[in-house]
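Here, each number is a calculation from the coordinates, and none is a lab measurement. As the structure is a prediction and not an experimental result, all values here were calculated from the model. We place every Cβ from the backbone using ideal geometry, glycine too, and count neighbours over all the protein chains shown.
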There are 4 protein chains.
Amino acid sequence: MQVELDRRRPGQSRITTPRKESDTCKILSGVGQGSTLGTPIAVSVPNTDQRGNDYSEMALAYRPSHADATYDFKYGVRAVEGGGRSSARETIGRVAAGAVAKKLLKIQSATEVLAYVSRVHGVELPDDVVDHEKLTIEQIESNIVRCPDPVIAEEMIKAIDMVRLRGDSVGGVITCIARNVPRGLGSPVFDKLEAELAKGLMSLPATKGFEIGSGFSGSKMTGSEHNDEFYIDDSGNVRTRTNRSGGIQGGISNGETIVMRVAFKPTSTITTLQKTVTREGHETEFRARGRHDPCVVPRAVPMVEAMVALVLADQLLQHHAQCQLLRFDTNLPPANGEKGSENVTLEEAATRR
Amino acid sequence: MQVELDRRRPGQSRITTPRKESDTCKILSGVGQGSTLGTPIAVSVPNTDQRGNDYSEMALAYRPSHADATYDFKYGVRAVEGGGRSSARETIGRVAAGAVAKKLLKIQSATEVLAYVSRVHGVELPDDVVDHEKLTIEQIESNIVRCPDPVIAEEMIKAIDMVRLRGDSVGGVITCIARNVPRGLGSPVFDKLEAELAKGLMSLPATKGFEIGSGFSGSKMTGSEHNDEFYIDDSGNVRTRTNRSGGIQGGISNGETIVMRVAFKPTSTITTLQKTVTREGHETEFRARGRHDPCVVPRAVPMVEAMVALVLADQLLQHHAQCQLLRFDTNLPPANGEKGSENVTLEEAATRR
Amino acid sequence: MQVELDRRRPGQSRITTPRKESDTCKILSGVGQGSTLGTPIAVSVPNTDQRGNDYSEMALAYRPSHADATYDFKYGVRAVEGGGRSSARETIGRVAAGAVAKKLLKIQSATEVLAYVSRVHGVELPDDVVDHEKLTIEQIESNIVRCPDPVIAEEMIKAIDMVRLRGDSVGGVITCIARNVPRGLGSPVFDKLEAELAKGLMSLPATKGFEIGSGFSGSKMTGSEHNDEFYIDDSGNVRTRTNRSGGIQGGISNGETIVMRVAFKPTSTITTLQKTVTREGHETEFRARGRHDPCVVPRAVPMVEAMVALVLADQLLQHHAQCQLLRFDTNLPPANGEKGSENVTLEEAATRR
Amino acid sequence: MQVELDRRRPGQSRITTPRKESDTCKILSGVGQGSTLGTPIAVSVPNTDQRGNDYSEMALAYRPSHADATYDFKYGVRAVEGGGRSSARETIGRVAAGAVAKKLLKIQSATEVLAYVSRVHGVELPDDVVDHEKLTIEQIESNIVRCPDPVIAEEMIKAIDMVRLRGDSVGGVITCIARNVPRGLGSPVFDKLEAELAKGLMSLPATKGFEIGSGFSGSKMTGSEHNDEFYIDDSGNVRTRTNRSGGIQGGISNGETIVMRVAFKPTSTITTLQKTVTREGHETEFRARGRHDPCVVPRAVPMVEAMVALVLADQLLQHHAQCQLLRFDTNLPPANGEKGSENVTLEEAATRR
């Protein structure tokens, strides 16, 4: 959990906000003797480097493209310190929970979730030059922008440095893959796997777009170009030769690698002078003084992985409940760790009869 | 409701599937005396033109990029007639329910939801040449492809005709706007309004991508280019001069028009010969014979509107429950249509004390 | 399903309402080739013997202790035919769904759910004279009141006949047991198994009380009298010698038989002249003419079983999802009915490493 | 919030557990400037007087009628300190949240929730000797057992003292009323108001039964005795002369006082020697040494009130969302505290047209 939080932590490099937060997590409940206990896992990560006066001007005016105005519209309050409820600091909770989900996925089905920065402003790493089957976390973590191609990473860092020095910001794109996802996750209609992933990822701060598989470029193709043909691999499994579906067909995972892309807008908080209004309805000008990220995507990589892992773990549990029920075959109902219980799958049970 | 279903209906023009379904809806419950009754609204829309033998080959082989294989992976069954659970025929239910949601939104807050086709294959209608404040349903419905620009509509129809004649298909993009959305809909963290909209829209069949406001192009901008500055309009309301946020900031609607784009892949069912496998694990070839849409986007326009209307109606109810409670101010609790009850808002109640 | 519906059907004996409804069910979707298909199961059960004019006076006045007034208070409408949304006819859906849940429970864990009438007005069959381990459905169905003791059943029938002839009604109690419930169902805090069962049963029409195990009489005992001591049975399983807990401890099933009791009020619709008011606020008198049950409990027996089966089936799925995950142990994620997949429990997986 | 927690606190009198916990609450988030902020309210209440060694024997053996065995059956772990997840200490959270719900109900609709002890072992205060319309919190809090009748309270205290001195325990019953509940709360079918209340109350530790209105005694009545006749009161409101329904008809509140009763079993932890088994499957004997309540009902009074308040507050929000929508009547959607917005009810809006 701490490893993941360190990837999200402010102050980790020159291209992130200079705020210093150790983001040290303390587990308050739910874990003991090396495993979970069946109880909720509570984690505390206190703030240490919050400077209240950085936010003094925000109390007067709504920051453009921030949540100040809409939060006030909805709840009738202005909670300004650190961005209030809308601070991206809330993503700590997502990353911490994602660490647990990743572990569950790894143990259950050797599922791996990996994200990387595939665009910063005009600098792009096309998906098709990355080998998604061999991509490693080490490649991603080998540079501060979290792009697995070292040359393009360098260009991305330069692009961020350029806006950073003048107090501006840039947007970017994160590509996320999930390998070894069990077949059968997701539902055919409203709760399609891509719909759940889209919701999870579009709930991250600053996101503006989501793609699965071929994405928007798929809308420019013909069916004969786009369809993924099936074949039988050496192990006798049903596979697809191409993966424009992005690992999901009809809302259900097909066992191929799931590939997604998420667009992030440029950070709203910039030191450029901007026009805005006060809560009382007066027009005014505003220049931010807080210490903020010139580009959110390097720190958003673990957030994206966390949300995907959480969605997949949820879907794994649901799939088991609906489609992988064990059959209890003893006189007395079986209990964990107790003798006398024999578990057989429904299918095996059916063949016995 | 029937008007909306007619927009979705197969056989409505030469660029849709030639299957003839009247899709006549019959309301079984929930409505009477000109209004809803508080009970679930049940609607029946029977099939009339289903030809079972169109699907005979499908029973043998998994159709490429269709849900056949994944449905079988998950549930262990092949339900082939009409595509089974994964048939886009299920979207009838969405469109019918959306008609009710649209009416609620219109009465409650004069909210309007309009979608149109903004791309077919290589033919695009850029969002910025459409005046989203003045767009009308008549403009959209003025041609069979549902694109409000007549010249570009003609090109789109040609593009569809071209693939239609050779049994292939093309993808496309639908842009959807929601005007006059009340401020304050949505939640700050997990249930952001754009996350709910993304889930709703990515649950439609054949979708591959979702954008809100600036979308993926926003990731190529700087903060100083992207931010929406606030001003006070003539009525004294807080407004934004630009709308790159797409009507939502920090997960909550800000009263500006919500703008979304949804990418649809080309229809999977094509008459081209394709390689695939059978359920028993043998490689084979497959050529579809069913009557299918050469491009899904013209018929998907009412589906997109329906999902957006359903999400907004849900959020409207939630917002009312959390933030717009009335205060009951009588001795006896008030009842509908009964004398003696006086409703005041919490705010008014506070000033009285 | 039809067998269960026949147990609920009106007109099945002289002590139920004389309305004649065959209640023949037709399955519209979700089942084929002898099994469920992973799609929702839709069932249609049309009315045949509804006489609209039986309800003419109801349109004028609120029937005492019926839902007429409160439904109007909430929704502002009067939907009178057949009792509207509040008609006990809605329990058909519960009984139909319960038939599916019962089958699932039987296959999964040999769990059986049986209910019987244990009181009608002053005539009571004490729980402790019934051997809950040996009780059979045949004993329950051996008489029209559904009480497994033939002598007491006769007295109950007489008690119902007495009020039936004078147009009055009586209340009663149903006892329900669930045998062979797997250990571990339920949650420790808010979603305790007894809480879910209480909600399920108190959602049935006309219920006024719920007990689990010792119930209200347990509140008159001391801890030393009430506690269930543990022992190890011949198969080495942890069991309790007594079952005042009623099969649930700390919100979680312990493998002993679950025992519940549900109180039903006398049917509200009686032919006695009663004072009431009209919708317009005038006082008036009312005498029902509809054909109604003099006592609801004989027909409520299958409803009680259905709700208990539905709750247990839900909990079984949830328990599997949370605590009985299989581990996928192959290179490629496994699929239903496909070679190459080997399922091992987490525990087994742990011992291999 | 602290006032309510003090009513639940251990060590408050000689008839509760002698453990000393101040149960001082600290609000971590969600409240500021004298009101809620729209964010989750986090409350911390640390333990101070926990003696680990009180629980040493429990680690060896399952305590009879406690959750030790079932928790282990479900999750495969033994979390013993303080009872683990199943400790009634979790009810602090319910009481804290209930304090917020009570405030909301009071402001919104002047709804009051009051509970009192109506039975301890064989000592009973019949409901009909208490005037539920005039009952005050002062009467309830006037003695340590929380029974509004001073004479019977004295007998109850004696009954508790008797078992307390010999290390045994007794059960009891709590009656709870909710006055001035708005009409229309609850739903007609699955989510009946009494079903929600039953679930909320049966989720409290040690509960064995629930009654609404006439409860189990209602099952011994005839319809002509049980029905609540309607009349028009002096203010022109529809009322009932009797209240055997307990304030709810057809799952929906009717504006009369809601009356419930909850049965609590005797505390499981007693110092009597009892037979039990160890986790490893050996039979043994066990005598508790922890400091526990000889009777839970005095401290359970605020828990019962809290759960009822939480259910009613939830239902109030849902009712507003479904049936009390405001209509927005301006060009621009209205926002909190902003000029130009005019709220009218749907009904008013309808009459204007």
- request: For region C:2-327, just list the percent of Cα-Cα distances falling in each 10 Å bin from zero outward, please.
  value: 5, 23, 31, 24, 12, 3, 0, 0
query: Listed here are the pairs A:Lys102/A:Lys192; C:Lys192/D:Lys158; D:Lys74/D:Lys265; B:Lys220/B:Lys265; A:Lys220/B:Lys275; C:Lys192/D:Lys102; which of them are more than 27 Å apart at the Cα?
result: C:Lys192/D:Lys158
statement: Non-local residues with an amide H under 5 Å from the amide H of A:Gly246, with H modelled 1.01 Å from N and Pro and chain starts lacking one, are A:Ser214
query: Which value in Å is the Kirkwood Rh of region C:87-218 over different Cα pairs?
result: 16.6
- prompt: What is the sum of charges around D:Glu4, taking Lys and Arg as +1, Asp and Glu as -1, for the other residues whose C-beta is under 11 Å from the C-beta of D:Glu4?
  reply: +3
query: Which residue of chain B is nearest the rotation axis onto chain D, counting by its Cβ, and what is the distance in whole Å?
result: B:Ala321, 2
- prompt: In nanometres, what is the gap between the two model label sites at C:Asn47 and C:Glu138, each 7 Å from Cα along Cα-to-Cβ?
  reply: 3.9
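Counting partner chain Cβ atoms within 10 Å of every residue's Cβ in B:313-322, what's the average?
Per residue, the average neighbour count from other chains is 4.
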statement: The long-range amide H neighbours of A:Ile252, using H built 1.01 Å from N in the peptide plane and a cut-off of under 5 Å, are A:Leu193
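Under the definition of partner shielding as Cβ atoms of other protein chains within 10 Å of a residue Cβ, what is the mean value for peptide D:87-98?
Values: counts 2, 0, 0, 4, 1, 0, 2, 2, 0, 0, 0, 0.
Partner-chain Cβ atoms within 10 Å, mean over residues of D:87-98: 1.
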query: Tell me, what ³J(HN,Hα) does each residue in region B:2-8 have, in order and in whole Hz, if you take phi through Karplus 6.51 cos²θ - 1.76 cosθ + 1.60 with θ = phi - 60° and put x for Gly and Pro?
result: 5, 4, 5, 5, 5, 5, 8
message: I'd like the Karplus ³J(HN,Hα) series for region C:152-160: coefficients 6.51, -1.76, 1.60, θ = phi - 60°, whole numbers in Hz, and an x wherever there's a Gly or Pro.
response: 5, 4, 4, 5, 4, 4, 4, 4, 6
field: Hull shadow area, averaged, region C:90-134 [alpha-carbon convex hull, nm²]
entry: 4.6
task: Give the nm distances, rounded to one decimal, from B:Arg291 to the matching residue in every other copy, measuring between label points 7 Å along Cα toward the beta carbon; shortest first.
output: 4.8, 6.9, 8.3
- request: Project the alpha carbons of region A:243-282 onto their principal axes and report the range along each, largest first, in whole Å.
  value: 55, 22, 12
- prompt: For A:Ser35 and B:Asp127, FRET efficiency with R0 = 45 Å and r from the beta-carbon atoms, rounded to 0.05?
  reply: 0.30
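Find the Cα radius of gyration of region D:66-140, compare it with 2.2 N^0.38 Å by division, and give the number to two decimals.
1.62
Find the all-direction average of the projected area of the Cα convex hull for region A:175-332, expressing the result in square nanometres with one decimal place. The partial results should precede the final answer.
Working: hull surface 66.8 nm².
So the mean shadow area of the Cα hull is 16.7 nm².
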- prompt: Where Rh is the Kirkwood radius over the Cα pairs of the protein assembly as shown, the temperature 37 °C and the viscosity 0.692 mPa s, what D in µm²/s does Stokes-Einstein return?
  reply: 97
Residue-wise HN-Hα coupling along region A:264-275, computed from phi with Karplus coefficients 6.51, -1.76, 1.60 (Hz; x: Gly, Pro): 10, 6, x, 3, 6, 7, 10, 8, 4, 6, 10, 7
statement: If one compares the long axis through the Cα atoms of helix B:297-323 with the longest principal axis of the Cα atoms of chain B, the angle in degrees, nearest 10, works out at 30
field: Inter-site label distance for C:Thr284 and D:Met162 at 7 Å from Cα along Cβ, in nm
entry: 5.6
query: Ranked from highest to lowest mean number of other Cβ atoms within 10 Å per residue, what is the order of the peptides B:259-268, B:95-104, A:156-165, C:24-33?
result: B:259-268, B:95-104, A:156-165, C:24-33
message: Suppose only helical runs count, i.e. DSSP H with n ≥ 4. What mean residue ellipticity at 222 nm does that imply for the protein assembly as shown under -39500 (n - 2.57) per run, divided by all residues and rounded to the nearest 500 deg cm²/dmol?
response: -9500 deg cm²/dmol
query: How crowded by other chains is D:163-171, given as the mean number of beta carbons from other chains within 10 Å of each beta carbon?
result: 4
